[in-house]
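The values are calculated or read from the model by the stated rules, or taken from the named source; none is laboratory data. Values in this document were obtained by computation on a predicted structure and should not be read as measured data. Heads up, the Cβs are rebuilt from the backbone with ideal geometry, glycines too, and the neighbour counts pull from every protein chain shown. Surface accessibility is based on the protein's heavy atoms, side chains included, excluding ligands, DNA and RNA. Shrake-Rupley method; radii C 1.70, N 1.55, O 1.52, S 1.80 Å.
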Amino acid sequence: MTGPLENLDAVVEELLDQLAAFTSVEELDAHEPVLAGRRSPLAALQKSLGGLDPEARRDAGARLQAARTRVEAAVEGHRRRLAAAERERRLEADRLDLGDVVAGAVPDTLRAGHPGLVARTQAELEDVFVAMGFRVAEGPEVESDWYNFEALNIPPAHPARGMWDTFYVDLGEPETVVLRTHTSPTQVHLMEAAVRDGSLPIHSVMPGRCYRRDTPDARHLAAFHQVEGLVVDRGITFADLAGVIETFTRAYFGTDVDTRLRPSYFPFTEPSAEFEITCQICRGAGCRTCSHTGWIELGGCGMLDPAVLEAVGIDPDEWSGFAFGFGIDRCAQMRHEIADMRALTENDARFLEQFS
Ligand code: PHE
């Protein structure tokens, strides 16, 4: 065939080749006028049809239109494929790989914590007592006046109440309610339960938080932790008590720490004692932490007063026992040589991380 459309097929093939070389929608959009639009060689051919006679012009026009349609369809098809590929690439790039997160690819911002020093010390102390044959029990932190004081042989207005500066809880009840000032009320709960279930004897330790309206200092906190010990059995003597305290201090602090018992007074024990160890900050030489005495009091102890056994319905002629209660925070302080106990509550990561 001759005439203006002589090379039409070759022109179309050339346009389709150019089209195939474009690799992005953006590039394709920029070149579209050259392929199928105003600046396309097809548009130029259109103009050249003006010189043909009407019949030849109609035929040529139809052929040209078919060629344009073909090129336009190819442009549209290629644009769709490019757009789909681009969307695919974007999704792939945005994907959050949780496998990487678990493997630590998100650094530093997520760090595992660890139990605090007090919780860890409590667990270690429990282990020591469990190894000695004690069970572990717990009691409430909010107690009635009866459990915290009266059942422990401390009636209202007894002068010994001054030993425990107390936080009172106003629940609008006629009964007086307190934050427990020591773990000793848990003794009462345990003895009551044993009487109810007929499960005497008792050999238990009871750790937990206690509260006193004290001004915190180097060895006191207003919210602190004690572990109470209670043995109720037949034929228990002070030697059993002294033996338990000695065994526990050796197991927890080691053999080169001195222990001593000093006569003391508690309304619920008779006789009563305080037990102390050599101050671990100054090794007994005297320092600010031990108020220059060389000794640190860990807690109190004594033989159960018969009045306490009677208050819960245990016959003091058949049963006897001892109790002790000492500070968990104090043990942590001595074991790790922390000169000021208030460091335990300050949440300073540099301090806490030493005990991970
Ligand atoms: N509960 C007493 C205190 O916290 C300690 C103690 C417990 C003393 C058991 C004797 C027997 O001060």
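Positive end of the dipole of the chain (Cβ unit charges, origin at the Cα centre): among Leu152, Gly235, Phe134, the Cα lying farthest that way belongs to Phe134.
Take every DSSP beta bridge with both residues inside the chain and express the antiparallel ones as a percent of the total, to the nearest 5. Display every interim value, and only then the final one.
Numbers: 44 of 46 bridges.
Expressed as a percentage, antiparallel bridges in the chain total about 95.
In the context of the full set of protein chains, region 8-94 has a per residue accessible area of 65 Å² (1.4 Å probe).
Sparse packing (at most 15 other Cβ atoms within 10 Å of the Cβ) combined with a DSSP loop state is found for none of the GluC sites (Glu not before Pro) in region 235-313.
Would you mind putting 263-270, 225-232 in packing order, based on average other-beta-carbon counts within 10 Å, highest first? The partial results should precede the final answer.
Working: 263-270: 17.9, 225-232: 24.0.
In descending order of packing, they fall as 225-232, 263-270.
Per residue, the convex hull spanned by the alpha carbons of region 109-230 comes to 177 Å³. Ordered by solvent-accessible area of protein heavy atoms (1.4 Å probe), largest first, the residues Ser40, Ser199 come out as Ser199, Ser40. Multiplying the residue separation of Arg39 and Arg79 by 0.36 nm and subtracting their alpha-carbon distance yields 12.5 nm.
When the helices in the chain are scored as -39500 (n - 2.57) per DSSP H run of 4 or longer and the sum is shared across all residues, what 222 nm value do you end up with, to the nearest 500 deg cm²/dmol? Show your work: numbers first, answer last.
Values: 12 runs with 145 residues, N = 356.
When only DSSP H runs of four or more count, the value is -12500 deg cm²/dmol.
Counting heavy atoms of the protein chains alone, Arg79 has an accessible area of about 50 Å² for a 1.4 Å probe.
Rolling a 1.4 Å probe across the protein heavy atoms gives region 211-338 an accessible surface of 41 Å² per residue. Once you reduce region 208-224 and region 278-356 to the center of their Cα atoms, the two points are 12 Å from each other. Expressed as a whole percent, the accessible area of the chain that falls on carbon and sulfur atoms is 51 (1.4 Å probe). Of the peptides 132-139, 204-211, the ranking by mean beta-carbon count within 10 Å, highest at the top, reads 204-211, 132-139. At a Förster distance of 22 Å, what's the computed FRET efficiency of Lys47 paired with Ala20, Cβ-Cβ distance as r, to 0.05? In this case the efficiency is close to 0.25.
Sort 26-34, 320-328, 344-352 by packing, meaning the average of other beta carbons within 10 Å per residue, with the highest value first.
Working: 26-34: 14.0, 320-328: 23.3, 344-352: 11.9.
Order by mean packing, descending: 320-328, 26-34, 344-352.
Multiplying each eigenvalue of the alpha-carbon gyration tensor of the chain by 5 and taking the square root yields semi-axes of 94, 23, 18 Å, largest first, rounded to whole angstroms.
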